[in-house]
Structures are given as structure tokens and as C-alpha cells.
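Visitor: Below is a structure I'd like to ask you about.
The values are calculated or read from the model by the stated rules, or taken from the named source; none is laboratory data. Note that this is a predicted model, so its numbers are computed, not measured. Cβ placement follows ideal geometry from the backbone for every residue including glycine, while neighbour counts extend to all protein chains displayed.
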């Protein structure tokens, strides 16, 4: 079945691009022919990273990291674009919604998901609910995340109307499932992120192993704060390991041994996570791949988006890996390196099986079930 995918797939974010790859892989395994709807405005290195002219000290401070890391950021840009063009199947590029509406791709079904495409913090994005999908096309969702456990009252009726068009609905978190279930009489399934449905051998074939010969801590954060820096410094000092920085840093980069690796693309990201002695992150997908690869990790609570992280770790019986402050690491930290409890394997297996069962019904395979 020719299938259009509606998700974050071209943004230069490790989790977004890798979950998109996983969504494509599992649909292919079911015998479908998926293509990402390539709705994207003009996008170049300059448009992503260049700053306005520096007219003040504040502007200079903001631009300084870019000025110092320009070469690394250029490499990062190129590596993301290479992964996009070589690993993801795309429709032709649509620069606007109008262009898409005037020339819809030749597909028989659409899948919305996964990632935070149903996050309503900035309003309802009808595109990610398949608002434009014509009658006659199957429309299902797979593991979209709402990011938090609140449904703003002003969006409830709009979402309710959009859900009427779906043939099958699933979300990633239990908190999100309850919110969506209140708005529809259709069953709403809870499924696991698609990266867990892809075999480890496939991820291994994609990754690029890091060029480092000492044990290290991999750090990937979507936001920086004094709280995060204190946690990283505490663990780096205790473990006496250098910190490999894959995303936004913080004040710890001036007080710890660090390797700035922001030039890493999706392939390098997988390699850094798999090879780490410890992962410190506030990213859902860095957490997910740590679990997938059985790498010890600590997840730092995000300032305002914790529902999917909390639900995920609680389901696996390792909610203690989600911390807020360095004080939670003041004692013996040997527990960080203990083997994951049996609940992890059991929880993952149950969620993976439930997710395949959902897909088998929502997107019937023209060949065979996995």
C-alpha cells in the first residue's frame, strides 16, 4: 500500500530523524511503500545558523557559540542532510500547504506519527492530524506524542473534529491516551515509540562508531540550565571521565574535561550513545536509545515537558532514572551501572507486541505479519 507519512522527518534533531527512519522501516516490514510528505520551505545552512548583524553586546554573546563552532555546525548540517537524502524516502518537495493541496501525492493511506506532532503548546497543527487527507484514503496515527498531560480547553473541539476522520488512533503515553479518549468514541491504543520495533542489527548498520579510546560520558540536552550543569559536573567528577557534548552545553564545559561533538549527525549520534559508559540527557530519544542499547543513563527532567519521559520510564520500572537535581546523586551512584531489572525486558516485549498487533489491524499487511 502506498503510504504517506506525516511527522517531523527533516528537522536537524537526532530523535526526530531517527524515529522517522524507524517509522519507515516498520511499515516496509509490513509490506507497505511509505513516503514522507516532504512539506518544507527553503532550507540552507545560512537560513538555519546565520545570525542577524551584531548590533549590541547581547547580540554578540548570542552569536558567539555559532562564531566559534561554525565549522562543526557546517559538518552537522551536511550530515543531517546526507542522512535525509540517503535513508528516507521522500515525495517531491512542497514549499507550502497550498502547493500540497493542489498536487496531492499518489498514496492510498496516511500515517500520522510518531514524535510530538500532537503537542498543542503552540496550537493545533491540522496538517499533523491529516486535515487535508481526501476521502477514500485510510488515515491512522502511530505513537504521536502530546508532550505533556494537559489538553488546553480552547483546542478540545478542534481536536475532537479532527479525530472523526481517523480509521485507527494510537498515541505514545497513557496520559495522552486518556486525553484523546475523552474526545472520541473510537478506541485509542497506547503504543511504543517506533525505534523499539527496529532490530538492533539495523541500528548497528547505520551507526558510525566514535573515534575515542577512553571511557566517556555522552551528554545530550535540548536545553541548558544551571541545574543540568550541576548534575553533569557531579557525575563527571565522581566518575573521572570526560564528557562528550552532543547538543546544548552549559557552564560545565568550562570546568570539566569535554569533547565538543556537535558536528555529529544521526549516524554519529547512534555511535556515541552505544559506546558511552553513561548517558546524561533530557531527550526522550537519547533515553530510548540508551534503553534499547542497554547503556546506563540518567534522564534529567525537562523544565516543562516530562509526560512521555515519565510514562515511558514508569512503564519499564525504572522511574528512578528520571532525576531533577544533583542532590539525588549525592550518595553511592553504583546503582546507575547495575543491570536493568527484568521489568525492562518484560515491559518492552509487551509493548512491542501490542504495537505490532495495533499496526496489523490499523495497516493490514499485504504480505504477512512480522
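Visitor: Can you find, within segment 33-47, the residue that is surrounded by the fewest Cβ atoms within 10 Å (Cβ to Cβ) among those that are part of a strand (DSSP E or B) and at pLDDT 95 or above? Walk me through it before giving the result.
Guide: Within segment 33-47, the subset part of a strand (DSSP E or B) is 33-36, 39.
Filter again for at pLDDT 95 or above, leaving 33-36.
Numbers: 33: 13, 34: 23, 35: 20, 36: 23.
Looking at the filtered set, the residue picked out is 33.
Visitor: What single numbered condition from (1) in a helix (DSSP H, G or I); (2) modelled with pLDDT under 95; (3) within 30 Å of residue 334 (Cβ to Cβ) fails to hold for residue 249?
Guide: Failed condition: (1).
Visitor: Please specify each residue of segment 145-178 satisfying the condition of being under 11 Å from residue 116 (Cα atoms) and modelled with pLDDT of 95 or more.
Guide: 171
Visitor: Quick check on segment 293-305. Is at least one of its residues within 24 Å of residue 79 (Cα to Cα) and not assigned by TED's automatic domain parsing to the domain that holds residue 13?
Guide: We begin by selecting, within segment 293-305, every residue within 24 Å of residue 79 (Cα to Cα); these are 293.
Next, only the ones that are not assigned by TED's automatic domain parsing to the domain that holds residue 13 stay: 293.
The answer is yes; a qualifying residue exists.
Visitor: Which members of segment 234-250 meet the condition of being buried (at least 18 other Cβ atoms within 10 Å of the Cβ), over 23 Å from residue 265 (Cβ atoms) and out of contact with any strand residue (DSSP E or B) (no Cβ under 8 Å at 6 or more places or on another chain)?
Guide: Quick first cut of segment 234-250, residues buried (at least 18 other Cβ atoms within 10 Å of the Cβ) only: 234-236, 241, 243-247, 249-250.
So of that shortlist, the ones also over 23 Å from residue 265 (Cβ atoms) come out as 234-236, 241.
Residue satisfying the conditions is 234 alone.
Visitor: Of the residues in segment 331-348, how many are outside any helix (DSSP H, G or I) and either within 18 Å of residue 174 (Cα to Cα) or touching a helix residue (DSSP H, G or I) at 6+ places or on another chain (Cβ under 8 Å) (or both)? Walk me through it before giving the result.
Guide: Start the filter on segment 331-348 by keeping residues that are outside any helix (DSSP H, G or I), which leaves 331-333, 338-341.
From the residues that got through so far, the ones that are either within 18 Å of residue 174 (Cα to Cα) or touching a helix residue (DSSP H, G or I) at 6+ places or on another chain (Cβ under 8 Å) (or both) too are 333, 340.
Residues meeting the conditions: 2.
Visitor: Here is a further query. Whether any residue in segment 302-314 is at pLDDT below 95, more than 20 Å from the chain's Cα centre (by Cα), buried (at least 17 other Cβ atoms within 10 Å of the Cβ) and assigned to a helix (DSSP H, G or I) is what I want to check.
Guide: no
Visitor: Give me the pairs, please: first residue somewhere in segment 349-368 and assigned by TED's automatic domain parsing to the domain that holds residue 171 and modelled with pLDDT of 95 or more, second residue anywhere and in a loop (DSSP other than H, G, I, E, B) and surrounded by fewer than 19 Cβ atoms within 10 Å (Cβ to Cβ), beta-carbon distance under 6 Å, and either six or more positions apart or on two chains.
Guide: 356/370
Visitor: Could you list, in sequence order, the residues of segment 127-161 that are within 26 Å of residue 21 (Cα to Cα), in contact with a helix residue (DSSP H, G or I) (Cβ under 8 Å, 6 or more places away or on another chain) and crowded, with 18+ Cβ neighbours inside 10 Å? Spell out how you get there, then give the answer.
Guide: Looking only at segment 127-161, we keep the residues that are within 26 Å of residue 21 (Cα to Cα), and these are 127-134, 137-148.
From what's left, in contact with a helix residue (DSSP H, G or I) (Cβ under 8 Å, 6 or more places away or on another chain): 127, 129-132, 140, 142-148.
129, 130, 140, 142, 143, 144, 145, 146, 147, 148, listed by residue number.
Visitor: Let me spell it out: the conditions are (1) touching a strand residue (DSSP E or B) at 6+ places or on another chain (Cβ under 7 Å); (2) in contact (Cβ under 8 Å) with a residue 24 or more places away in the chain, and residue 120 meets all of them except one. Which number is the exception?
Guide: Against the list (1) touching a strand residue (DSSP E or B) at 6+ places or on another chain (Cβ under 7 Å); (2) in contact (Cβ under 8 Å) with a residue 24 or more places away in the chain, residue 120 comes up short only on (1).
Visitor: Ok, one more. Could you list, in sequence order, all residues of segment 1-32 that are in a loop (DSSP other than H, G, I, E, B) and touching a helix residue (DSSP H, G or I) at 6+ places or on another chain (Cβ under 8 Å)? Before you say what the answer is, go through the steps one by one.
Guide: As a first pass, look at segment 1-32 and keep what is in a loop (DSSP other than H, G, I, E, B): 1, 7-13, 30-32.
The answer is 7, 8, 9, 10, 11, 12, 30.
Condition check ((1) under 25 Å from residue 322 (Cβ atoms); (2) outside the structural domain of residue 331 (by TED's automatic domain parsing); (3) modelled with pLDDT of 95 or more) across all residues:
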| site | (1), (2), (3) |
| --- | --- |
| 203 | yes, yes, yes |
| 213 | no, no, no |
| 218 | yes, no, yes |
| 221 | yes, no, no |
| 225 | yes, no, no |
| 236 | yes, no, yes |
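For every residue, the table says whether it meets (1) modelled with pLDDT of 95 or more; (2) under 30 Å from residue 205 (Cα atoms); (3) over 19 Å from the mean Cα position of the chain (by Cα).
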site	(1), (2), (3)
77	no, yes, no
86	yes, yes, yes
89	yes, yes, no
96	no, no, yes
102	no, no, yes
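Visitor: Of everything in segment 222-243, what is touching a helix residue (DSSP H, G or I) at 6+ places or on another chain (Cβ under 6 Å) and outside any helix (DSSP H, G or I)? Give them in sequence order. Reasoning before the result, please.
Guide: Initially, segment 222-243 is screened for residues touching a helix residue (DSSP H, G or I) at 6+ places or on another chain (Cβ under 6 Å), giving 229-234, 243.
Once the filter is applied, which keeps residues that are touching a helix residue (DSSP H, G or I) at 6+ places or on another chain (Cβ under 6 Å) and outside any helix (DSSP H, G or I), segment 222-243 yields only 243.
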